[in-house]
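Participant: I'd like to ask you about the structure that follows.
The values are calculated or read from the model by the stated rules, or taken from the named source; none is laboratory data. Remember, predicted model here, so these are calculated numbers, not experimental data. Glycine also receives a Cβ, built like all others from the backbone with ideal geometry; neighbour counts cover every protein chain displayed. Side chains included, ligands, DNA and RNA excluded: accessible areas come from the protein's heavy atoms. Shrake-Rupley method; radii C 1.70, N 1.55, O 1.52, S 1.80 Å.
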Amino acid sequence: MRIRKLLLTLAAIVYASWLALLTWLVWISQGTVIVSRPQLWQAPVIVQAYIEQNDHRPSDMVLVERIFRGAGVLARHHPGTQAAPLAMRIRDLPLARGWRGPGSYILALRAAGEESWEMVAVPESPGFAPAAESPLAKPRIYPATPGVIAQVETALQLLAEPETIPEQPK
């Protein structure tokens, strides 16, 4: 009987410790932003841009601070500009998810005309296609924090490295 009480007490301590660990993990990971690699891989242009606020929403005009990918595409659409800073109009930016107020953001873009751009949406996942009117169907922007910039650079490195498939023994 005494050993059963000891085992029950031990199980209760392990359970309480597990719950405490999970609570701590939730607490330290609040506000963590996870970048969608497929969204970045589909985008011909990826920039870090400063976005102003316009009526409590992001303005459609941005000032490009850094170009991660697509400098050649930008040069074709904005002749005479070699690098950042560059002012761009992004037509669907006011509808984007991830807006936290004025500041620097990572944007995945594609051309939508001569000098007009649009956001690249997060692609559908197998088995999950959000409804068109759902907030999940809107394009995503990411605050330009050091962690997000590291994720973008890693995703672009993975895209640049060719996959090597080891030869199978015969």
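Participant: Whose amide H sits under 5 Å from the amide H of Leu86, counting only residues 5 or more places off or on another chain, with H placed in the peptide plane?
Facilitator: Val64
Participant: Residue by residue through the stretch 30-42, what is 3J(HN,Hα) from phi via Karplus (6.51 cos²θ - 1.76 cosθ + 1.60, θ = phi - 60°)? Round to whole Hz and write x for glycine and proline.
Facilitator: The phi angles translate into 5, x, 5, 9, 10, 7, 7, 4, x, 4, 5, 5, 7 Hz.
Participant: Write down the accessible area per residue of the chain in Å², having rolled a 1.4 Å probe over the full set of protein chains.
Facilitator: In whole numbers, the chain has 67 Å² accessible per residue.
Participant: Hey, if we sort Trp117, Trp27, Trp99 by accessible area with the 1.4 Å probe, largest down, what's the order?
Facilitator: Trp27, Trp99, Trp117
Participant: Helix 2-28: angle to the longest alpha-carbon principal axis of the chain, degrees 0 to 90, nearest 10?
Facilitator: 10
Participant: Same structure, new question: Quick check: net charge around Pro44, other residues with Cβ under 14 Å of its Cβ, Lys/Arg +1 and Asp/Glu -1?
Facilitator: Residues close to Pro44 contribute a combined charge of +2.
Participant: Follow-up. Quick check: with the 1.4 Å probe, what order do Tyr50, Tyr105 take by accessible area, largest first?
Facilitator: Sorted descending by solvent-accessible area, the residues read Tyr50, Tyr105.
Participant: Between rounded, prolate and oblate, where does the stretch 90-132 land on the alpha carbon gyration tensor, with a ≥ b ≥ c its root eigenvalues, rounded for a/c under 1.5, else prolate if a/b exceeds b/c?
Facilitator: Oblate, because a/c is 1.5 or more while a/b does not exceed b/c.
Participant: For Rg and Dmax of the Cα atoms in Å, the listed values are (1) 18.1, 64; (2) 18.1, 59; (3) 22.5, 85; which was obtained by calculation from the structure presented?
Facilitator: (3)
Participant: Compute the long axis of helix 146-160 from its Cα atoms, compare it with the longest principal axis of the Cα atoms of the chain, and write down the angle in degrees, 0 to 90, nearest 10.
Facilitator: 70
Participant: Pop a pseudo-label 7 angstrom from the Cα along the beta-carbon direction at both Thr145 and Ala20 and give the gap in nm to one decimal.
Facilitator: 2.7
Participant: Could you tally the net charge around Ala112, taking each other residue with its Cβ under 13 Å from the Cβ of Ala112, Lys/Arg +1 and Asp/Glu -1?
Facilitator: That works out to -2.
Participant: How much of the accessible area of the chain, probe 1.4 Å, is carbon plus sulfur, in whole percent?
Facilitator: In the chain, the share of accessible area belonging to carbon and sulfur is 60 percent.
Participant: Can you grab the distance from the C-alpha centre of the stretch 21-73 to the C-alpha centre of the stretch 92-129, Å, no decimals?
Facilitator: 9
Participant: I've got another one for you. Between Met1 and His56, what is the label-point separation in nm under the 7 Å Cα-to-beta-carbon projection?
Facilitator: Result: 6.6 nm between the two label points.
Participant: Once a ≥ b ≥ c are taken as the square roots of the eigenvalues of the Cα gyration tensor of the stretch 8-66, is the result rounded (a/c under 1.5), prolate (a/b larger than b/c) or oblate (a/b not larger than b/c)?
Facilitator: Because a/c hits 1.5 or more and a/b exceeds b/c, the stretch 8-66 counts as prolate.
Participant: Under 14 Å from a label point 7 Å along Cα→Cβ of Asp92: give me every residue in the stretch 135-162 with its amide N that close.
Facilitator: 135-141
Participant: Also: Tell me, in nm to one decimal, what length is gained between Trp27 and Leu8 on full extension, where the rule is 0.36 nm per residue of separation less the Cα-Cα distance?
Facilitator: 4.0 nm
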